[in-house]
Amino acid sequence: MNEQFERLIARVESLMARIESVLPQPLAAPDWTASIAYRYRKRSSGHGSLEPVRHIGNMRLGDLKEIEDQKEKIKRNTEQFVLGKPANNVLLTGARGTGKSSLIKACLNEYSARGLRLIEVDKADLTDLPDIVDVVSGLPEKFIVFCDDLSFEEGEPGYKALKSILDGSVAAATPNVLIYATSNRRHLLPEYMTENLTYTRGDDGEVHPGEVVEEKISLSERFGLWVSFYPFSQDEYLTIVSQWLSSFGVGPDAIAAAKPASLVWALERGSRSGRVAYQFARDYAGRDTASRPVAAAPIAAYERPGAAAAASPEQADQAPDHST
């Protein structure tokens, strides 16, 4: 009888262990000495974890050129944050490939020795942001929660979660956490022509937006600092192409001859961005130098003219730079 009872207890304990393994678990703190950057990953089981980024590219603020105004704003805000002074959550918006994500990564390298850390969170996981904040709130380091290529469609849960976290939650703001987000949309939500019909005009002639427009503006307004980025001119684009080709070992004469082809390349893609310039240079240099080794390119930024040449994205495992 005792033997049967013991077997029953063992089976119950095994069943409970299996059930516990699939239930959501509290977010555990990672090894904070493993890296200066982390990614929040959520598995199909519902378990979330903070995973260290093992290899981080050596991108520096000095490598980013022709965005001096934007760089100064971000640097000043980040400096205040690291020093424990009041600082704002930041929304970086504008054209694709103009340096938004790279600027945040460069700030991480600039201030990591002074305690700055970065946690990348996908927009689908923003509902778990309170758990992440709870894990880091008691630490001496300062954490930037990085949301790259942020935009929402109507009804997405991450929209309401982020709005509440930025400003509006009953919980007080955590002094060692800021949110830095990049987006190609100024108001983070799609905008439609029909929404213009919701505007009203007062007796004094002043125009007031309707409730739909107000709702869309309300999220971006909760970011204390807006930083805008703008498309490249043709000359800026050609400058970046020349720098990339040079970094890949292409000679001056071949670089000059490649300009028409680089413009066609950009025209086919409908964009003159640093990313398009890099892709062209990689293709052209691969054909031009097929019979000889290509010089290694140093790690830097490729978004703006005057920046040092960068290693390819495959060579630098950083918080990913998608389409911003």
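The values are calculated or read from the model by the stated rules, or taken from the named source; none is laboratory data. In this text, all values refer to a predicted model and were calculated from it rather than measured experimentally. No Cβ is skipped: glycine too gets one built from the backbone with ideal geometry, and neighbour counts run over all protein chains shown.
Residues of the stretch 80-118 that are assigned to a loop (DSSP other than H, G, I, E, B) and closer than 19 Å to Gly224 by Cα: Leu83, Gly84, Lys85, Pro86, Ala87, Asn88, Asn89.
Based on this model, can you work out whether Tyr237 counts as modelled with pLDDT of 50 or more, buried (at least 21 other Cβ atoms within 10 Å of the Cβ) and under 22 Å from Gly99 (Cβ atoms)? Before you say what the answer is, go through the steps one by one.
On the way: modelled with pLDDT of 50 or more: yes; buried (at least 21 other Cβ atoms within 10 Å of the Cβ): yes; under 22 Å from Gly99 (Cβ atoms): yes.
So Tyr237 passes the test.
Residues in the stretch 216-234 that are in contact (Cβ under 8 Å) with a residue 40 or more places away in the chain, part of a loop (DSSP other than H, G, I, E, B) and surrounded by fewer than 20 Cβ atoms within 10 Å (Cβ to Cβ): Arg222, Gly224, Tyr230, Pro231.
When you check Lys75 against the structure, is it surrounded by fewer than 19 Cβ atoms within 10 Å (Cβ to Cβ) and assigned by TED's automatic domain parsing to the domain that holds Val177, yes or no? Walk me through how you get there before you give the answer.
Values: surrounded by fewer than 19 Cβ atoms within 10 Å (Cβ to Cβ): yes; assigned by TED's automatic domain parsing to the domain that holds Val177: yes.
Answer is yes for this residue.
Only a single criterion out of (1) on the phi > 0 side of the Ramachandran plot; (2) at pLDDT 95 or above is not satisfied by Asp149, namely (2).
Hey, any hits in the stretch 246-255 for a residue that's hydroxyl-bearing (Ser, Thr, Tyr), at pLDDT below 90 and part of a loop (DSSP other than H, G, I, E, B)? Among the residues of the stretch 246-255, not one is hydroxyl-bearing (Ser, Thr, Tyr), at pLDDT below 90 and part of a loop (DSSP other than H, G, I, E, B), which makes the answer no.
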